[in-house]
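Student: I have a structure here, written as structure tokens, and I will follow up with some questions on it.
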Amino acid sequence: MRILAISGSLRAGSTNTALLLAAKLLAPESVTVEISPPLSELPYFNPDLDNENPPESVQKFRKSINNADALLISTPEYAHGIPGLLKNALDWLVSDTEFEGTRIGLLYGSASDASFAKEALLEVLTTMSARVVPAAIVSIAGARSKIAPDGRILDKSVEADLRHAIEALARDYATEA
């Protein structure tokens with residue numbers, strides 16, 4: 001199984017990127033976790049450019065999404081919502097008919113439980129007809145003290161939560177295969 005891991009943060013030393021690095025290291029042999037290039041490579045969404053020949057970075061992004069068996073999105077909460085960078089990336093996928101039914105796990109690394117970001121992202125993904133796997137949704141409050149920027153886990157509960165999310169995505173994938 002191939003999981004594409006997408007960080008909703010660009011911050012150097014991002015806790016959410018660190019969570020994805022840790023997930024990559026914790027994945028069982030049957031699961032490959034690939035870290036997506038930074039979402040900053042995508043231009044601002046413009047419907048005029050969303051045609052038969054969208055920008056090359058958008059084509060690459062869509063291809064990487066479509067080649068994955070699942071997505072693992074890790075995002076902070078900004079002003080009670082999701083970062084504009086992540087929303088922009090999702091906007092580029094709205095017209096991609098292959099995105100419908102995409103299996104998704106969600107990680108929220110934030111100072112709080114990121115409940116507002118969770119609600120906002122679930123609304124967007126539901127509208128896009130994504131297949132969010134409930135058992136693969138993890139909120140990690142106080143995340144900066146629980147994981148190092150290089151992905152080293154400092155709190156064993158985070159390791160258990162990440163393993164659980166990856167296993168949930170793998171189980172969901174196995175039921176469809």
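Student: Once each part is reduced to its C-alpha centroid, what is the distance from segment 82-160 to segment 1-22 in angstrom?
Tutor: One Cα centre to the other: 10 Å.
Student: Cβ under 12 Å from residue 116's Cβ, residue 116 left aside: what net charge do those residues give with Lys, Arg +1 and Asp, Glu -1?
Tutor: In short, -3.
Student: When the Karplus curve 6.51 cos²θ - 1.76 cosθ + 1.60 is applied with θ = phi - 60°, which whole-Hz ³J(HN,Hα) does each residue of segment 3-15 get, with x for Gly and Pro?
Tutor: Coupling constants for segment 3-15: 10, 9, 9, 10, 9, x, 10, 9, 4, 4, x, 4, 5 Hz.
Student: List every residue whose amide H lies under 5 Å from the amide H of residue 33, counting only residues 5 or more places away in sequence or on a different chain, with H placed 1.01 Å from N in the peptide plane.
Tutor: The answer is 3.
Student: Whose amide H sits under 5 Å from the amide H of residue 103, counting only residues 5 or more places off or on another chain, with H placed in the peptide plane?
Tutor: 71, 131
Student: Which far-off residues, 5 or more places away or on another chain, put their amide H under 5 Å from the one on residue 147, with H placed in the peptide plane?
Tutor: For residue 147, whose amide H was placed from the backbone, the distant partners under 5 Å are 154.
Student: Please give every one of the lysines within straight-line cross-link reach of residue 87, meaning a C-alpha to C-alpha distance under 17 Å, and leave out same-chain neighbours fewer than 8 residues apart.
Tutor: Here the lysines satisfying the reach criterion relative to residue 87 are 118.
Student: Separate question: Charges at C-beta only: +1 for Lys and Arg, -1 for Asp and Glu. How large is the resulting dipole of segment 32-72 about its Cα centre, in Debye rounded to 20?
Tutor: For segment 32-72, the charge dipole is close to 100 debye.
Student: Using θ = phi - 60° and the Karplus form 6.51 cos²θ - 1.76 cosθ + 1.60, what ³J(HN,Hα) does each residue of segment 154-168 get, whole Hz, x for Gly and Pro?
Tutor: 9, 9, 4, 5, 5, 4, 4, 5, 5, 4, 4, 5, 5, 4, 5
Student: Which one is right for this structure if P(r) over Cα pairs in 5 Å bins from 0, in percent is calculated from it: [x] 1, 7, 13, 16, 18, 16, 13, 9, 5, 3, 1, 0, 0; [y] 1, 8, 16, 19, 19, 14, 9, 5, 3, 2, 2, 1, 0, 0; [z] 1, 9, 19, 23, 22, 15, 8, 3, 1, 0?
Tutor: [z]
Each value in this text was obtained by applying a stated rule to the coordinates, not by laboratory testing. All of these numbers come straight from a predicted model, not from anything done at the bench. Glycine also receives a Cβ, built like all others from the backbone with ideal geometry; neighbour counts cover every protein chain displayed.
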